[in-house]
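Below is one structure; the comments refer to it alone.
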Amino acid sequence: MRRPLVPADYQPPLPLDQLILREPPGPEAIELDVLFVGGGPASLAGAIELARLVRRDKQEGSALGDIQIGVLEKGERLGDHCLSGAVVNPRAFRELFPELKDSDFPFGFPVRAEAVYFLSERGQVRLPTPPTMRNHGFYVASLCEIVRWLGEKAEQLGVNVFAGYPAGALLVDGQRVIGARSVPKGLDREGKPAGGYQPAADVTAKVTALGEGTRGLLTQAYFEWQRIPSQNPQIFALGVKELWETRQPLDRVIHTVGWPLPNDAFGGSFMYPLEPNVVALGLVVGLDSPDAGLDVHVLLQRMKLHPLFRQYLDGGELLEWGAKTIPEGGYYALPARRHGDGVVILGDAAGFVNVPALKGIHYAMQSGMFAARAIFRALKRGDTSAASLAEYDRMVDASFIRDDLYRTRNMRLAFKDGFYAGGIKAGLMTLTGGRFPGGRIAMLADAKAARTRAVPAPFTPDGTLTFSKVDAVFRSGNATRDTIPSHLVPGRDVPQDGAELYAHMCPAGVYEWVNGSLRINAPNCVDCKATDILGPRWTPREGGSGPRYRRM
Amino acid sequence: MAGVLAILEQRDGVLKKVSYEVVTAARSLADRLGTGVDAIAIGPMALDATSATTFGAEEVVILADDRLTLYQPHLYLRAVVERAKAKDYGAILLSATALGKDLGPRLAARLGCPLAADVAEIEVNDGIVVSRPVYAGKAVCRAKVTAPCCVISLRPNSVTPVEQPRTATLHHAVLGLDSDRPVARTAAMKAPAEAKLDVAEAPIVVSGGRGLKEPGNFTLLEELAHALGAAAVGASRAAVDAGWRPHGDQVGQTGKTVSPGLYFAIGISGAIQHLAGMRTAKVIVAINKDKDAPIFKVADYGIVGDLFEIVPRLTQEIKKLKAGA
Amino acid sequence: MKIAVCIKRVPDTETRIKIAADGRSIDESGIKFVLNPYDEYAVEEALRRKEAAGSGEVVVIALGSDVVQETIRTALAMGVDRGVLLKTDQRVADPLVTARALVAELQTGGYDLILFGKLAIDDYHHAVGPMVAEFLGLPCVSAVVRLELGDGKGTAEREVEGGVEVVEFPLPAVLTADKGLNEPRYPALKGIMAAKKKPLEVKPVTLEPGGLEVLQLALPPERKPGRIVGEGPDAVPALIEALRAEAKVL
């Protein structure tokens, strides 16, 4: 009987001295007015809104001058690292583009019908659709397509999109954020400059908006540096998703709970028609599971063999595969402030995700728009201090973002006691609009949750419906340079238990226990961030590394 | 009826195998067009091009001059252009070798004819229609020639030479004075650089796995690769993990594909992590002692048996084949 | 040194090909377009030669529709001084047509060096560079892997079957670049910003139809199930025969 494993015991600390740089920008630094870190929906909606405000202001004859807006994106192209279910609430699009109709937006199938099932290994029971999950009037969409579409709009407005440039550190002056430094390109395995070498570049800005997405590195660093607390630590789920071309058309949005998840894990699956014959499906599981053998990728593969899914997938073709974590802490995990001197934090990086509704994209965009308005007024005032940018937090707190998260504040957290107990509690919360049981349910950070080593049942993929991790990584479009230095930082002396936990946790097969030590196949990494949450630290690597999602 | 001209390539005065491919293709095209085949051979004094007639050429022009030992673009071009202007040709064929890829376009520009490069198949369908690989071989393009003449460079190895002797006339042409225009001149030929071919780029990859039992046994694969020419030696993850081969030789780990024209999987079971990396190879050959090894499901051709006996035999037979060419 | 580099916008190598509804072209939706990788070697070489000479100008010229401006900007971001787009919406099937259009632009330029990538990874013609050289009456070396330039002349190496040709040529000349010539630089952030301000001239051109007409673009036939040729070393001759005659890879 082995001792329970606490992943936090083997995690190195956040290297603040490498992430928060108290040095003046280099001589080759480019100067912007506003920098958005991360090319996702929050940053792009923010950049678009800001560019529009500036343009209108200019037309009205203001003295603001030429405002340079930039977006730093680590993927080779916008959208390459974006992944979501997704069923999108169009309200943020409608607000950002009042002159356009829903049919102009980059959406797929409109949701007309939906179903929720409780699965057992061979059967299913239809459940009434919980009110938090009603999606009628919303659209199935690909986040990649959304982001590329937003990106075009942003570039048309003169926003500088720098794709292939990860931000590796924040540049600060005193307590103020003055910009970011990117990551060098063209290093060899030992980290030395090789062919095509390009040193890290500095970008300075009056305001830096962090839209890094789930488990953003600079965001973590900022909160730790500034000692900004949250009532609960942020917790995460890992989602593994596949996109299939199917022979059978799908005409409704489907969610399931129950099998193949064990009772002590929180999560469920989704299956959405992006088009009737292009189906997105995936499994989302909380990373606080007490089962050290939890392997979300394998569970998804098993799940596809269930008749509910198989009826669509048989005879079809796997188009893409990917993975991403989702912040699930909700209201109580929101940082006490999401702004500072010269900085604001947007979207998933701030934790604006409504778990019971499985929504985050419209909150991300809305937060970007609020940030843009606050930043615009700050620029006009010539004051980009925390006091001035606090307007951003006030706008978020007065909006549906706060209201929705507050109403569902304990629903996910209730599940820490297991599916059935959690289900009952969540049901009560829904009925009472979140009032009962109301008090904050305390949570542990995922890495602090102990887990016991289980011996998972062996799984052999068939190569037609089910796939190994290596085959799957191939389908993520991952073409990371093989000779790139490893970007993952393990703790010292990771024991076998720890390595095996990592091996199961990682959907991309990065970790293995081989010949008595932890082996790290870093180029496999698809930047889902599960590793940063439970295992070795994630750091950004040469721009363009990682997956190349097309319609995820 | 405008004829077909075949441009022959030589090395050290002997016609290369690709020349017979070109004559065969020219003969086949000419037969369908109802016309004849001329061939032109350019090379050093020792050049012997009589064998072209065995493959169907009716008239062979030989331009033999030691100034033509190495490929001199302007002189080779002038020779062919003079011939093309002297007689009407509907199509001029050459092999898409390094020389052909250089001479073909120049010829097309000079004659004002379209160029179809690296063609795998030539049809006659109300005119000449060519098929050629595009997008790195991921698609095939069929295009029709809409001009009265065309230059076609033929993909090496896409045509099997067929002996169909004709009574032919051979005549020798004379190389005139060299040009005093500013031109590029080939000064010398060097031995190829010893640089190792990268597995991701080599046209042929010979990969070994755990079945090789020891790192030293990879020399068997190196010999095979050497015999094949332009081949790189790859390794399965198992072999790299065991420390037998460097990481750079690894096939199929991070999802990067190697996509050679020919892939040998030797002593590799075909664990999926390897398959993911080489599945798009054009032709896959597997050699394994286990007839149920998954690799045989993906391979186009396979031999079941002991690789330590099979690989040396394969190397031997390949050497014989290459020597015969 | 005044150097021109002719570049092309092509689909990325990793692209999965889907045939468009017209059956003659690829479905471009969702495809990432890049600067032709072989052209990157040409652009990099041009920049290095200009830097070595201490002064001069590097110009890129591309043929295509408006979207090609994005590709020209990539080259500008690498350090090229200015760009010219010969604008046409026509799809070109015949490399002679491309060559003639480029020649019209190049002939008045007074360039010391005109560089190309040896081939474009969509069409694989491997032709436009030498064609342009013939039209301009300039010396040309194709598929260059090594280059030395001196006073008014140069020496290039190119890989051929079984060896390396060493070619001497006078300037001005046309060269087409092959992999291995150099290691292209990544554009710096500063370069990307600066590229927006560099001159990019758009010149509409009309092209002749050319002598090739695309009838069909198709995916290669499905892989047929394989077969075990035999057992043991005695099966080798049968394997070789199959590879030679059937698969045509030997």
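Miscellaneous remarks
- Residue tally, condition in a loop (DSSP other than H, G, I, E, B), within 14 Å of chain C (Cβ to nearest Cβ), of a type outside the set (A, V, I, L, M, F, W, C) and open to solvent by less than 80 Å² (accessible area, probe 1.4 Å), over region B:168-211: 6
- Restricting region B:41-87 to residues that are part of a loop (DSSP other than H, G, I, E, B) and among the hydroxyl-bearing types (Ser, Thr, Tyr) leaves a set whose member that is nearest to the other protein chains (Cβ to nearest Cβ) is B:71.
- The set of residues in region B:290-317 that are in a helix (DSSP H, G or I), of a type outside the set (Phe, Trp, Tyr) and more than 7 Å from chain C (Cβ to nearest Cβ) comprises B:295, B:297, B:298, B:307, B:311, B:312, B:315, B:316.
- Scan of region A:430-453 for residues that are surrounded by fewer than 17 Cβ atoms within 10 Å (Cβ to Cβ) and at pLDDT 70 or above, ordered by number: A:440, A:442, A:444, A:448, A:450, A:452
- Options B:130, B:151, B:140: the member that is in a strand (DSSP E or B), more than 19 Å from residue C:216 (Cβ to Cβ) and either at the interface with chain C (Cβ under 10 Å from one of its Cβ atoms) or among the basic types (Lys, Arg) (or both): B:151
- Here residue B:50 passes the criteria (1) touching a residue at least 40 places away in the same chain (Cβ under 8 Å); (2) open to solvent by less than 20 Å² (accessible area, probe 1.4 Å); (3) more than 30 Å from residue C:144 (Cβ to Cβ) except the one numbered (2).
- Whichever residue in region A:144-176 is over 27 Å from residue C:67 (Cα atoms) and over 23 Å from the mean Cα position of the chain (by Cα) and, among such residues, is surrounded by the most Cβ atoms within 10 Å (Cβ to Cβ): A:171
- Extreme residue, most open to solvent (accessible area, probe 1.4 Å), among residues of region A:177-191 that are in a strand (DSSP E or B) and β-branched (Val, Ile, Thr): A:178
- Scanning region A:496-528 for residues that are under 17 Å from residue A:545 (Cβ atoms) and acidic (Asp, Glu) yields a count of 1.
- Figure legend. Inter-residue proximity from region C:133-156: first residues under 12 Å from residue B:184 (Cα atoms) and touching a residue at least 12 places away in the same chain (Cβ under 8 Å), second residues buried (at least 23 other Cβ atoms within 10 Å of the Cβ) and hydroxyl-bearing (Ser, Thr, Tyr), beta-carbon distance below 8 Å, spacing 6+ or different chains. Indicated pairs: C:140/C:176; C:141/C:176; C:142/C:176.
- Condition met for residue A:226 (surrounded by fewer than 16 Cβ atoms within 10 Å (Cβ to Cβ) and not acidic (Asp, Glu)): no
- Restricted to region C:76-95, and to residues there that are in contact with a Pro (Cβ under 6 Å, 6 or more places away or on another chain) and of a type outside the set (Lys, Arg), the residue that is farthest from residue C:127 (Cα to Cα) is C:77.
- Taking region C:105-153 as the range and being over 18 Å from the mean Cα position of the chain (by Cα), at the interface with chain B (Cβ under 9 Å from one of its Cβ atoms) and open to solvent by less than 20 Å² (accessible area, probe 1.4 Å) as the test, only C:139 passes.
- Test: residue B:110 is under 23 Å from residue B:181 (Cα atoms) and of a type in the set (Lys, Arg): yes
- For residue A:80: the one exception among (1) surrounded by 22 or more Cβ atoms within 10 Å (Cβ to Cβ); (2) part of a strand (DSSP E or B); (3) charged (D, E, K, R): (2)
- Complete set of residues in region A:251-277 that are more than 18 Å from residue A:320 (Cα to Cα), open to solvent by less than 10 Å² (accessible area, probe 1.4 Å) and touching a Pro at 6+ places or on another chain (Cβ under 8 Å): A:253
- Scanning region A:192-202 for residues that are part of a strand (DSSP E or B) and at pLDDT below 95 yields A:193, A:194, A:195, A:196, A:197, A:198.
- The selection criterion, being within 23 Å of residue B:159 (Cβ to Cβ) and either in contact (Cβ under 8 Å) with a residue 60 or more places away in the chain or buried (at least 19 other Cβ atoms within 10 Å of the Cβ) (or both), does not hold for residue C:207.
- Looking across region B:232-247, the residues that are in contact with a strand residue (DSSP E or B) (Cβ under 7 Å, 6 or more places away or on another chain) and surrounded by fewer than 20 Cβ atoms within 10 Å (Cβ to Cβ) come down to B:240, B:241.
- Test: residue C:175 is surrounded by 23 or more Cβ atoms within 10 Å (Cβ to Cβ), within 27 Å of residue B:136 (Cβ to Cβ) and within 14 Å of chain A (Cβ to nearest Cβ): no
- Considering residues of region C:3-50 that are among the polar types (S, T, N, Q) and open to solvent by less than 40 Å² (accessible area, probe 1.4 Å) only, the residue nearest to the chain's Cα centre (by Cα): C:36
- Residue ID - farthest from residue C:94 (Cα to Cα), chosen from residues in region C:183-211 that are out of contact with any Gly (no Cβ under 8 Å at 6 or more places or on another chain) and basic (Lys, Arg): C:190
- Test result for residue C:98, in contact (Cβ under 8 Å) with a residue 12 or more places away in the chain, closer than 13 Å to residue C:6 by Cβ, away from chain B (no Cβ under 14 Å) and part of a helix (DSSP H, G or I): no
- Within region C:179-196, residues that are more than 22 Å from residue C:157 (Cβ to Cβ) and modelled with pLDDT of 90 or more sit with their Cβ atoms under 7 Å from residues that are open to solvent by 50 Å² or more (accessible area, probe 1.4 Å) and not in a loop (DSSP other than H, G, I, E, B), at 6+ positions apart or across chains, in these pairs: C:195/C:73.
One line per residue, one yes/no per condition, for (1) touching a strand residue (DSSP E or B) at 6+ places or on another chain (Cβ under 9 Å); (2) within 14 Å of chain B (Cβ to nearest Cβ):
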position	(1), (2)
C:55	no, no
C:60	yes, no
C:63	yes, no
C:66	yes, no
C:69	yes, no
C:72	yes, no
C:81	yes, no
C:86	yes, no
C:91	yes, yes
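- Only one of the listed residues (B:156, B:165, B:114) is facing another protein chain (nearest Cβ under 7 Å) and touching a residue at least 24 places away in the same chain (Cβ under 8 Å). That residue is B:114.
- In summary, residue B:159 fulfils each of the numbered conditions (1) at pLDDT 95 or above; (2) in contact with an Asp or Glu (Cβ under 6 Å, 6 or more places away or on another chain) with the single exception of condition (1).
- Pairs with Cβ under 9 Å, 6+ apart, first in region C:219-237 and within 7 Å of chain B (Cβ to nearest Cβ), second exposed (fewer than 13 other Cβ atoms within 10 Å of the Cβ) and assigned to a loop (DSSP other than H, G, I, E, B): C:228/B:291; C:231/B:291
The values are calculated or read from the model by the stated rules, or taken from the named source; none is laboratory data. All values derive from a computational prediction rather than experimental measurement. Every residue, glycine among them, receives a Cβ derived from its backbone with ideal geometry; neighbour counts consider all protein chains shown. Note: accessible area is taken over every heavy atom of the protein model, side chains too, but ligands, DNA and RNA are not part of it. Shrake-Rupley method; radii C 1.70, N 1.55, O 1.52, S 1.80 Å.
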